[in-house]
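> Here it is, the structure in full.
Bear in mind that the values in this text are calculations on the coordinates, not laboratory data. Keep in mind it's a predicted model, so treat the numbers as computed, not measured. Counting neighbours? That spans all protein chains shown, and the Cβs are built from the backbone with ideal geometry, glycine included.
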């Protein structure tokens, strides 16, 4: 399997779980690699970010661009439709911008960089006030965004990555400094098949939420994914199972119960709701250019 097809196959698996710029799942190739500009596009039956439903169970169209320099420096952009009810009031688009440096020595790779999540058209007006009981007087205003620094190490087919929020985590008041740990693996099975797996854990910082039954939730949870892709003449078809233990029972008003839409004040406006962390099978088809 070519390096290009391998990278796209892993991207197709990863995009079911993360906001996933293509470079983040590529093998670090080192300074000997030629500079390149590539594009990728895909259709997914659902978009899951760190195990959570971003499209209220509806399909997602995703794609982006990557520039990689021979020195190991890279930059890119990745985009997807999203549901406003996933925490993006009055928004329907996610745009990620990233840059970093990667290198490889033998079986060991290193990747470090910065990633900015932008949701054009989102609008918060004194939203989420009182949601975080540790900062009851803080509210969110302006557009939804998130800035992270990341560091990843790769050994053969394993990648361990840590992402650290340098802003309030997706504009949730008082959560600056939150982190996410991700361990992923990709194995070439031959004949165009790639097996991928992932487990991650969100370390939401300084957060407390009260459920309807009086219990509290610190917002921390783990998620997982296992799946396989198949190269079909350059098109990468994939199927993955994505799950989590995020507390999202809507009958108990838990934090990860997402609505189908959200207003600028952070309310669901009486819209439908569902457990955003429930297990689901995600199907996909993607291609790089």
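> Using a 10 Å cut-off around each Cβ, can you sort 265, 213 from fewest to most neighbouring Cβ atoms?
Going from least to most buried by this count: 213, 265.
> Please compute the contact order of the chain in relative form: average sequence separation of alpha-carbon pairs under 8 Å and at least six residues apart, divided by the residue count, as a percent.
18
> Highest mean first, what order results for 169-178, 153-162, 57-66 on Cβ atoms within 10 Å?
On the way: 169-178: 21.7, 153-162: 16.3, 57-66: 18.3.
The most tightly packed comes first, giving 169-178, 57-66, 153-162.
> Enter the angle in degrees (range 0 to 90, nearest 10) between the Cα long axis of helix 3-14 and the first principal axis of the Cα atoms of the chain, meaning the one along which they spread out most.
20
> Give the separation of the Cα centroids, the range 102-119 to the range 218-289, in Å.
25
> With Cα extents along the principal axes in Å in mind, check [x] 54, 32, 31; [y] 57, 44, 42; [z] 63, 48, 47 and report the label derived from this structure.
Given [x] 54, 32, 31; [y] 57, 44, 42; [z] 63, 48, 47, the calculated one carries the label [x].
> Give me 236, 285 sorted ascending by neighbouring Cβ count inside 10 Å, so fewest comes first. Working shown, then result.
Working: 236 26, 285 16.
So the ranking, lowest neighbour count to highest, is 285, 236.
> While we're here: Please give the per residue volume of the convex hull enclosing the alpha carbon atoms of the range 135-250, rounded to a whole number of Å³. Intermediate results must be reported in sequence, preceding the final value.
Details: hull volume 16.7 nm³, N = 116.
Each residue corresponds to 144 Å³ of Cα convex hull volume.
> Still on this structure, please answer the following. Using 0.36 nm times the number of residues separating residue 110 and residue 265, minus their current alpha carbon distance, what extension gain do you get?
51.7 nm
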